[in-house]
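The values are calculated or read from the model by the stated rules, or taken from the named source; none is laboratory data. Because the structure is predicted, anything quoted here is derived from the model rather than measured. Every residue, glycine among them, receives a Cβ derived from its backbone with ideal geometry; neighbour counts consider all protein chains shown.
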Amino acid sequence: MYLALIISVFISPINAIIISQVHRSSSYQTNSSCARLSNITLAADASIQSCIWECAHKDQCQTAVYYHDNRSCLLYSEDCQSGNITSSRDVRASVICYRTNHGSNNQCSPPGWTTTGTMSVTRYYHTASTLSNGKVLVTGGSNGIYLNSAELYDPSTGSWTTTGTMSVARCYHTASILSNGKVLVTGGYLNSAELYDASTGNWTTTGTMSVARGYHTASILSNGKVLVTGGYNGSVYLNSAELYDASTGNWTTTGTMSVARRYHTASILSNGKVLVTGGSNGIYLNSAELYDPSTGSWTTTGNMSVTRVYHTASILFNKTVLVTGGCCYTNTAELY
């Protein structure tokens, strides 16, 4: 039930595998079967990787629990199974298993692929969101026709169940988990948006965006608002951006990007700004720009070495952004 996302990280020169099981549920407390080594308060700008580092460099550390909200890190000398982890209140935490012994067959076993339950329909260009109860919500997409269906994956059983359908079929849309646990779905060549309530399995419509969007990005800012940028509305490439306020259900426009973009990336930096890179507006782009939530404005920043579209951007533990690949075609990567 607790398995939501598995990230395998090889740390050199340490000969070990770290498996990070990311939960969006609650404050974690381990029962008496897990022996605690220490409780570390990390720096204000620390991330989950800092907690991983602490466990990797602590003798006998097998498991760490990282609290996202207050950036504390609890270290344990045993493998804490999912049954040893209980929850009490609605905050975010992650269970990190650090192992030097890869032979054990348990929750922290070495990474590998196994098949699991199949979805009710085939999908591509859909979204997947890890809910606070550990289940994964998959929405929309296409299988030759655009889909409004949604379904839930339960990691504890490996099975899928259908849930409430969206009000309209969506493809090339976004899905964002809000601080209240609801999932905000936006666009898909549409200007409409709707909210999924995991407690009821139902969808409700919410405020509409100023324009229809597909291939856009959606980023949850530190103030809880959702920043939507760029995209395509079927005829026009967009440089506009707007903000969703979950407390009111309304959208407000904000500063426009220097150029229109779709197929771009958006990454939230440690300083709260949002880095947008690459994309296309009829030509492929190597430009990048920064959104400042405090002013609602954009500023251009250094260009990438090559144009990129359909690429990825990942924030590393040292706060740099790793951009990889993209069309057409490159195996290069670079750091911002």
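Please verify whether A260 is in a strand (DSSP E or B) and of a type in the set (A, V, I, L, M, F, W, C), treating the condition exactly as stated.
No: the conditions fail for A260.
Within the stretch 253-264, can one find any residue that is surrounded by 14 or more Cβ atoms within 10 Å (Cβ to Cβ) and under 26 Å from G134 (Cβ atoms)?
No, the stretch 253-264 has no match at all.
Out of all the residues in the stretch 58-78, which are surrounded by fewer than 18 Cβ atoms within 10 Å (Cβ to Cβ) and within 16 Å of A43 (Cα to Cα)?
H68, D69, N70, S72
Restricting to the stretch 154-181, give me the number of residues that are modelled with pLDDT under 95 and either acidic (D, E) or within 15 Å of G201 (Cβ to Cβ) (or both).
Residues in the stretch 154-181 being modelled with pLDDT under 95 and either acidic (D, E) or within 15 Å of G201 (Cβ to Cβ) (or both): 2 in total.
Checking T115 against (1) modelled with pLDDT of 85 or more; (2) surrounded by 14 or more Cβ atoms within 10 Å (Cβ to Cβ), which test does it fail?
Status for T115: all satisfied but (2).
Within the stretch 263-281, which residues are outside any strand (DSSP E or B) and either aliphatic (A, V, I, L, M) or at negative phi (or both)?
Across the stretch 263-281, the qualifying residues are H264, L269, S270, N271, K273, N281.
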